[in-house]
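Following: one structure in structure tokens, then a few remarks.
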């Protein structure tokens, strides 16, 4: 499948993708394989980077954002995204134990973060069809209706990249390889 999705760079990418690739290179300091392959469709590339920027401005803390993103990526078995988010989170100094547990789909130890992980997992697993009281549990943990919708935003973001990585067979970038989850 990956033959259909080359690793583009600023010279080989479709014209509409080149500006985004340049911006992402400048942001991360290297060309991420996810963006290089997504560049095949400027619409997909722009959708992912746009939703990513919006989610980064959510009311969640950086650690909470990563709990959502890692929970979805773990559920969808996206080794690329789990490795990338684990590496980036640890590099940013986020709580490594929480990050590694979220990446593995394990309990987080912190009640509020665990409520976020469980809510996110339920939303993905049940495709948004929560059971009676499950939203109330999330809200009782200190989250808000706004947060519930921001979880949906994070799910949309990661579903796009997780599914794209599956069909593109995206190779994990060298800086992330130490954090590829075991099978």
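Is it the case that some residue within region 74-97 is over 21 Å from residue 175 (Cα atoms), modelled with pLDDT of 95 or more and in the same structural domain as residue 145 (by TED's automatic domain parsing)?
Within region 74-97, one or more residues are over 21 Å from residue 175 (Cα atoms), modelled with pLDDT of 95 or more and in the same structural domain as residue 145 (by TED's automatic domain parsing).
Restricting attention to region 98-109, does a residue exist that is touching a residue at least 60 places away in the same chain (Cβ under 8 Å), surrounded by 19 or more Cβ atoms within 10 Å (Cβ to Cβ) and either closer than 23 Å to residue 51 by Cβ or assigned by TED's automatic domain parsing to the domain that holds residue 49 (or both)? Looking through region 98-109, at least one residue is touching a residue at least 60 places away in the same chain (Cβ under 8 Å), surrounded by 19 or more Cβ atoms within 10 Å (Cβ to Cβ) and either closer than 23 Å to residue 51 by Cβ or assigned by TED's automatic domain parsing to the domain that holds residue 49 (or both).
Is it fair to say residue 70 is over 18 Å from residue 175 (Cα atoms) and in contact (Cβ under 8 Å) with a residue 12 or more places away in the chain? The answer is no for residue 70. Of the residues in region 133-156, not one is within 24 Å of residue 3 (Cα to Cα), touching a helix residue (DSSP H, G or I) at 6+ places or on another chain (Cβ under 9 Å) and either part of a loop (DSSP other than H, G, I, E, B) or at pLDDT 95 or above (or both). Does residue 120 qualify as being buried (at least 17 other Cβ atoms within 10 Å of the Cβ) and part of a loop (DSSP other than H, G, I, E, B)? For residue 120, the condition - buried (at least 17 other Cβ atoms within 10 Å of the Cβ) and part of a loop (DSSP other than H, G, I, E, B) - is not met.
Taken over region 1-18, the criterion of being loosely packed, with under 14 Cβ neighbours inside 10 Å and within 15 Å of residue 50 (Cα to Cα) is satisfied by 16 alone. Is it fair to say residue 174 is more than 17 Å from the chain's Cα centre (by Cα) and under 18 Å from residue 51 (Cβ atoms)? The answer is no for residue 174. Taken over region 25-39, the criterion of being without any contact (Cβ under 8 Å) to a residue 40 or more places away in the chain and crowded, with 17+ Cβ neighbours inside 10 Å is satisfied by 31, 35, 36, 39.
The values are calculated or read from the model by the stated rules, or taken from the named source; none is laboratory data. These figures come from a predicted structure and were not determined experimentally. For neighbour counting, all protein chains shown are included, and Cβ atoms are generated from backbone atoms with ideal geometry for every residue, glycine included.
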